[in-house]
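Structure first, commentary second.
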Amino acid sequence: LCPDPDVTVAQLQVSPDEVRNSGLPRPAGTTPVPYVRVDASRSAPTETTDCPRPTAARWALTAGAPFAMKNGVLAADALRSRVLDERNNPITTPDGALLTGHIDPEDAEHQHTHWLFLPGERTPGRIGSLVAWCPAGFPVDLVDRLVGVRELPSKERMRWAPKGYVSTGLQLTGLGRVEHLAPGLVGASTVWETITPITSRRHYKRNWDEHGYWRRAVQAELKHRSQFAGIEVVELELLAPENSRSYRRYRWKESMADRRYGAHVRIKLSSPVRGPVVLGALAHFGLGLMKPV
């Protein structure tokens, strides 16, 4: 029994006794919709395209905001490890690479999962929430891994944790489309500004200044992603270089010798693009995350 498109609140709130007393066979404003149970032994189920795959999951940190944004790479890396749980429960499904990221590094689509960290509204220097974003959509058979995450591993349960890592409980606050769970990242714009510093492994050349280096680095990133096909960097402005240097720019198992160059930038593109926009060497671990201006 389904509601009609023009059903009223009063019709939805009618009691069974009122329906019987009205002499109607069913509540007003409703229509019976028939369905058929399919014999699974004779007809294999078909995949539906009516309900799109979820593209994002978002968690709040239950311990308030204990994690500094500058150490966000550690939180992103720990979240990925917790979701994958490769040691106890390895992923073997064909679409598993969308979650693990174990694909061709030259892939220009970048459709696998990005592990992002966002500042808190009242505590901008601290992480307010974590977001897993998969442009291609999370495989349905792996969604339970996201829903089951309750915490970042505690230091007591690990052999070793880098300086700046904070264990915390996690509360899943949403699973669905990224435009609904992180709307501040998805506007269509020609001007984008970094929330977390973009990083690069490109080498400086003698005739490059810092501005020239980052303009070339950002343009190279755009060329490696089909999302930005034919789009050029029209303007680039460097922002808060001292803040960029304070961020950890290497992953959990890497050392300071592996750190990348980093910078906060504002860019103007030749054509508007829709987000999320995440660029740079550590784009899949939260660095290089941008917001539309």
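The values are calculated or read from the model by the stated rules, or taken from the named source; none is laboratory data. Remember, predicted model here, so these are calculated numbers, not experimental data. Here the Cβ positions follow ideal geometry from the backbone for every residue, glycine too, while neighbour counts run over all protein chains shown. These accessible areas exclude ligands, DNA and RNA; they are computed on the full protein's heavy atoms, side chains included. Shrake-Rupley method; radii C 1.70, N 1.55, O 1.52, S 1.80 Å.
Side notes on the structure shown:
- Measuring between their Cα centroids, the range 259-293 and the range 130-155 lie 23 Å from each other.
- Label zone at Y204, where the point sits 7 Å out along the Cα-to-Cβ direction: the range 249-283 residues whose backbone N lies under 18 Å: 249, 257-265
- Within the range 166-249, GluC sites (Glu not before Pro) in DSSP loop having at most 13 other beta-carbon neighbours inside 10 Å: E232
- Shape summary: the chain maps onto an equivalent ellipsoid whose semi-axes, from the alpha-carbon gyration tensor, are 43, 24, 21 Å in decreasing order.
- Residue with peak Gaussian network fluctuation, the chain [Cα springs, cutoff 10 Å], from V149, V19, V277: V19
- Residues K223, K163, K70, K205 ordered from highest to lowest accessible area at a 1.4 Å probe: K163, K223, K205, K70.
- In plain terms, the chain from A220 to H180 could stretch by 11.4 nm, reckoned as 0.36 nm per residue minus the Cα-Cα distance.
- Residue list for the range 259-276, given a label point 7 angstrom along the Cα-to-Cβ vector of H211 and an amide N cut-off under 13 Å: 266
- The Cα trace of the range 174-245 gives Rg and Dmax of 14.7, 48 Å, the first to one decimal, the second as a whole number.
- Within the range 241-276, none of the chymotrypsin sites (Phe, Trp or Tyr not before Pro) combine a DSSP coil assignment with at most 14 other C-beta atoms in a 10 angstrom radius.
- Model label points for W160 and E254, set 7 angstrom from Cα along the Cα-to-Cβ axis, are 1.7 nm apart.
- Largest first and in whole Å, the equivalent-ellipsoid semi-axes of the range 119-208 read 28, 23, 16, each the square root of five times a Cα gyration tensor eigenvalue.
- Pairs from K163/K253; K163/K291; K70/K205 whose Cα-Cα separation, in the structure shown, is over 24 Å: K163/K291; K70/K205
- The chain - mean residue ellipticity at 222 nm from DSSP helices (-39,500 (n - 2.57) per run, n ≥ 4, rounded to 500): -5000 deg cm²/dmol
- N243-E193 pseudo-label distance in nm [points 7 Å out on the Cα-to-Cβ vector]: 0.8
- Relative contact order, whole percent, for the range 98-227 stands at 19, derived from Cα pairs under 8 Å and 6 or more residues apart.
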